[in-house]
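Every number in this text was worked out from the coordinates using simple rules, so none of it is lab data. The structure displayed is predicted, hence computed values, not measured ones. Positions of Cβ are generated from backbone atoms using ideal geometry, with glycine treated the same way; all protein chains shown enter the neighbour counts.
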Amino acid sequence: LAKTTQPISMDSYEGQEVNITCSHNNIATNDYITWYQQFPSQGPRFIIQGYKTKVTNEVASLFIPADRKSSTLSLPRVSLSDTAVYYCLVGDRDNYGQNFVFGPGTRLSVLP
Amino acid sequence: GAVVSQHPSRVICKSGTSVKIECRSLDFQATTMFWYRQFPKQSLMLMATSNEGSKATYEQGVEKDKFLINHASLTLSTLTVTSAHPEDSSFYICSATAGGVLEQFFGPGTRLTVL
C-alpha cells in the first residue's frame, strides 16, 4: 500500500502560486497519482490525475519527477475560494481497495 | 463531470433507531460505489466497497451488521446505520466510479447526528 505524506497545513496570499508536495516513496509501477479538493461539509472534488512528467488542466498542474516518489500540485494565482483541504491519493486501476486511503491532507488557507 | 447525489443531506435521529442513506449516480452507471465516514477535522475513512449485485467488502474494524450496504442497481447504493448511537454521529460520504476509471465522483455527504 503506497502511503502518502503531505504537509499538514499551508498559508498563502491571494494571487500567489501554491505548490503542495506529496511524498509516496513506495509507489508501485501501476499506480496513478490523484489529487482531490474538499471544502467543509462537502464531498471531495477531483482536481487532477497523472502517472508521470507533467499534467495540466484548467485548474491545476501536476508535476511528477522521473522516480515518481513524489508529486507536486501547483495552483496558479490562488483566490480566497481555494481555501480547502487537498488530498493526494496513490493507487492503481485494478485494485480499488488500495486506491482510497486518504491521508490527513493539506489544509490550505488563502489570506487576502 | 459525473454527478453523484446523496439523500438526505442531514438527519437527526434518536439513539437506537436505524437510518438509511441513499447514494445515486445521476448520469452514469456506477459499477463500484464506496462509503466513507469523516469525523470533524479528520480525513475520510473508507468503510466499505460495493459492487452492483454483490455483497459489500468492509474495511477492517467496520461492523457489517451495523452498517448495512445494498447496491441493488448500477445507479443506487444505500447505507443503513442500524441501532444508531451517538458515537455514530459523523459525516458520511459516498463515491462512485464507472468501470475501469480511476477517478472517483463523490456525493455531497450526509451529516448524521444521533441524540
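For the peptide A:35-41, the mean number of other protein chain Cβ atoms found within 10 angstrom of a residue's Cβ is 3.
Within the listed set A:Pro40, A:Pro65, A:Pro76, the Gaussian network model of chain A (springs between alpha-carbon atoms below 10 Å) gives the highest mean-square fluctuation for A:Pro40. Cα convex hull, chain A: 93 Å³ per residue, rounded to a whole number. If you take the alpha carbon atoms of the stretch B:41-87 and fit the smallest convex hull around them, that volume is 100 Å³ per residue.
Over the stretch B:48-115, Cα pairs under 8 Å with separation of 6+ residues give a relative contact order of 23 percent. Relative to the Cα centre, the charge distribution of the stretch B:1-55, modelled as +1 at Lys and Arg Cβ and -1 at Asp and Glu Cβ, gives a dipole magnitude of about 340 debye. Across chain A, C-alpha contacts under 8 Å between residues 6 or more apart give a mean separation that, scaled by the residue count, equals a relative contact order of 36 percent. Couplings for the stretch A:48-64, taken from phi via the Karplus curve 6.51 cos²θ - 1.76 cosθ + 1.60 with θ = phi - 60°, read 6, 9, x, 10, 7, 6, 10, 10, 9, 10, 6, 10, 7, 10, 10, 10, 10 Hz in order; Gly and Pro are left as x. Cβ screening of the protein assembly as shown for cysteine pairs under 4.7 Å finds these without a partner: B:Cys13.
Report the antiparallel proportion of the DSSP beta bridges in chain A as a percent, rounded to a multiple of 5.
85 percent
Per-residue mean of foreign Cβ neighbours for A:42-53 is 4 (Cβ atoms of other chains, 10 Å radius). Among beta bridges from DSSP that stay inside chain B, the antiparallel ones total about 90%. Other residues lying with their Cβ under 13 Å from the Cβ of B:Val11 contribute a combined charge of +2, Lys and Arg counting +1, Asp and Glu -1. Proximity of backbone amide H atoms, modeled 1.01 Å from N, is registered between A:Ser70 and A:His24 at under 5 Å, excluding neighbours fewer than 5 places apart on the same chain.
Of B:Leu68, B:Leu74, the sequence from fewest to most neighbouring Cβ atoms within 10 angstrom is B:Leu68, B:Leu74. Mean-square fluctuations from a GNM of chain B, with a 10 angstrom spring cutoff on Cα atoms, peak among B:Cys23, B:Cys13, B:Cys94 at B:Cys13. About its Cα centre, the dipole of chain A is roughly 180 debye, where the only charges are +1 on Lys and Arg Cβ and -1 on Asp and Glu Cβ. Footprinting exposure proxy ranking of B:Lys64, B:Lys41, fewest other C-beta atoms within 10 angstrom first, gives B:Lys41, B:Lys64. Among B:Gly53, B:Thr110, B:His71, whose Cα lies farthest out toward the positive end of the dipole of chain B, if unit charges sit on the beta carbon of Lys, Arg (+1) and Asp, Glu (-1)? Farthest towards the positive end: B:Thr110. Note on chain B: percent of Cα-Cα distances in each 10 Å bin, starting at 0 and stopping at the bin with the largest distance, equals 15, 50, 30, 5, 0.
Ordered by the number of other Cβ atoms lying within 10 Å of each residue's own Cβ, fewest first, A:Val90, B:Val114 fall into the sequence B:Val114, A:Val90.
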